[in-house]
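Read the structure below first, then the notes.
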Ligand SMILES: *Cc1c(COP(=O)(O)O)cnc(C)c1O
């Protein structure tokens, strides 16, 4: 799309946006003056669908009226509650419904997946992860390594080439060529949380598996943001959270994908709980664990219903909008408009860390202010005071995520205007 640097152009884009009505299905936090905030933190905590309260209320009332009978009765019996999500989640991550399950939280799921898919031997014991991976992922990987009796050298942190901030496809291939025989597990970031870069998941998965390693993906910043095809890419497992782009509330239950090819492996190691037991005989309460022939086998406990209900509310919006493709289409325009305005109005005053090719990034742009840290912090403070909610990473990077479900082109336009004002205030 060809962009123009003007407010009327931004307003016109909003007017013509086929998804513009969806903003009304979310609560937008307010500024002190009563106006909507310019909210760009959907990559950290997605906003609340207006329907969410009703979904939760329904379950609370059911508990009031039915007590334990709620497990079997009502429109969404608790016994099967998570099953009402799997079709939508499968659509969002590109999986078959029996390959996905909402459960636990992201880091817990990562550990449970590593119990099954990180099975180190004396010669093949390493985990490959990207440098600057989200801390929780690093801690989880390192603690698994130590749990198995290996040392720090077993964690390979893949760094970009000197002078670069982004990893290239080649970087992944090189390390796999060099150390592939020793790598037991590759942990890919679907979208890197700091840079917003999309990982070439399909290619790296095939490359790593050809060298004998398992591949898992952390989709925290990818799910609900970019199209995914986990099943066709043959990914072994994936984990994600529902509170970022999937708008299901702080600390929402997480998600997990296990490829079908692993579902009936009789030698599979896993930590087991009663909710993973084959459903047809679960309530016979037998002494022997018989796993479900699906990703549900990895469940431990019966799930927190209120959280699952909030995810249902969110999924309803994704279903109505027609899935990821229409969102992605708007997202590319929205973020490209942000990039265009930054380049046009603030050139030389900031750098963009995220990839410049829209196909290699999600909705987020990571913006590096070219000012000293104190001034940068002051600029960010000015934005906060003027109704912008974005994310700050020391020493001078701002992560800005325009979300196609509820952000407008005008939000992006105002943001750049305010940033320009902030930058010139500090300079003068
Ligand atoms: C947000 C995020 C997490 C958060 O983990 P929780 O277990 O949900 O607290 C983990 N990893 C990545 C990459 C994230 O972006």
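Run the numbers for residue 232 and residue 290: contour at 0.36 nm per residue of separation, minus the present Cα-Cα distance, in nm. Mind dumping the intermediate values first?
Values: separation 58, 0.36 × 58 = 20.88 nm, distance 2.77 nm.
So the chain would gain 18.1 nm between residue 232 and residue 290.
Which residue, 318, 340, 237, tops the fluctuation ranking in a GNM of the chain built on C-alpha contacts under 10 Å?
Among 318, 340, 237, the largest GNM mean-square fluctuation belongs to 340.
Using a Gaussian network model of the chain whose springs link C-alpha atoms within less than 10 Å, name the residue from 414, 178, 270 with the highest mean-square fluctuation.
178
How far, in degrees from 0 to 90, does helix 135-147 lean away from the longest principal axis of the Cα atoms of the chain, to the nearest 10?
Orientation of helix 135-147: about 30 degrees from the principal axis.
At a Förster radius of 35 Å, what calculated FRET efficiency corresponds to the Cβ-Cβ distance of residue 357 and residue 139, to the nearest 0.05? Before the final figure, lay out each step's value.
Details: r = 32 Å, r/R0 = 0.91.
Computed FRET efficiency for residue 357 and residue 139: 0.65.
In nm, to one decimal, how far is the residue 329 label point from the residue 372 one, both placed 7 Å along Cα→Cβ?
5.0
Please work out the FRET efficiency for the pair residue 21 and residue 45, using the Cβ-Cβ distance as r and a Förster radius of 22 Å; give the result to the nearest 0.05.
Details: r = 23 Å, r/R0 = 1.03.
For R0 = 22 Å, the calculated efficiency reads 0.45.
Among 369, 155, what is the fewest-to-most ranking by other Cβ atoms within 10 Å? If you can, show how the numbers build up before the last one.
Values: 369 23, 155 19.
By the 10 Å Cβ count, ascending: 155, 369.
Tell me the relative contact order for region 325-428 as a rounded percent, counting alpha carbon contacts under 8 Å between residues six or more apart. Walk me through the numbers on the way to the answer.
Working: 125 pairs, mean separation 34.1, N = 104.
Reported as a whole number, the value is 33 percent.
At 222 nm, what value in deg cm²/dmol follows for the chain if DSSP H runs of at least 4 each add -39500 (n - 2.57) and the sum is divided by all its residues, to the nearest 500?
Details: 12 runs with 154 residues, N = 428.
Computed ellipticity for the chain at 222 nm equals -11500 deg cm²/dmol.
Starting from the Cα of residue 269, step 7 Å along the direction of its Cβ; do the same at residue 54; then give the gap between the two resulting points in nm.
A separation of 4.8 nm, rounded to one decimal place.
Measuring from label point to label point, each 7 Å out along Cα→Cβ, what is the residue 75 to residue 33 span in nm?
4.1
Got the relative contact order for region 55-319 handy, in percent, Cα pairs under 8 Å and 6 or more residues apart? Numbers along the way, then the final one.
Working: 462 pairs, mean separation 62.0, N = 265.
Normalised by residue count, the contact order of region 55-319 is 23 percent.
Got a sec? Which residues in region 384-398 would a label at residue 425 touch, if it sits 7 Å along Cα→Cβ and we count backbone N under 13 Å?
384-388
Most exposed first by the Cβ proxy, i.e. fewest other Cβ within 10 Å, how do 100, 321 rank? Write down the numbers at each step before the final one.
Values: 100 30, 321 19.
In increasing order of surrounding Cβ atoms, one gets 321, 100.
Can you tell me the orientation of helix 52-66 relative to the chain, as the angle in degrees between its alpha-carbon axis and the longest Cα principal axis, to the nearest 10?
Result, in degrees: 30.
Round to the nearest 0.05 the FRET efficiency obtained for residue 210 and residue 278 when R0 = 35 Å and r is the Cβ-Cβ distance.
Working: r = 34 Å, r/R0 = 0.96.
Result of the calculation: an efficiency of 0.55.
For the chain, what is one quarter of the convex hull surface built on the Cα atoms, given in nm²?
Taking a quarter of the hull surface, the average projection is 22.6 nm².
Taking only Cα atoms, what is the 0 to 90° angle, nearest 10, from helix 169-179's long axis to the longest principal axis of the chain?
Compared with the principal axis, the helix lies near 40 degrees.
Considering only C-alpha atoms, what is the centroid distance from region 339-398 to region 3-50, in Å?
If you average the Cα positions of each part, the centres end up 19 Å apart.
Which of 72, 103, 398, 1 comes first, and how do the rest follow, when ranked by fewest Cβ neighbours within 10 Å? Numbers along the way, then the final one.
On the way: 72 11, 103 26, 398 22, 1 8.
Ordered by Cβ neighbours within 10 Å, fewest first: 1, 72, 398, 103.
Would you kindly state how much longer the chain becomes between residue 115 and residue 65 on full extension, computed as 0.36 nm times their sequence separation minus their alpha carbon distance, in nm to one decimal?
Working: separation 50, 0.36 × 50 = 18.00 nm, distance 4.04 nm.
Full-extension gain reported as 14.0 nm.
A short reminder: the numbers here are calculations on the coordinates, not readings from a lab. All figures in this text were calculated on a predicted structure; none of them were measured in a lab. Positions of Cβ are backbone-derived with ideal geometry, glycine not excepted, and every protein chain shown enters the neighbour counts.
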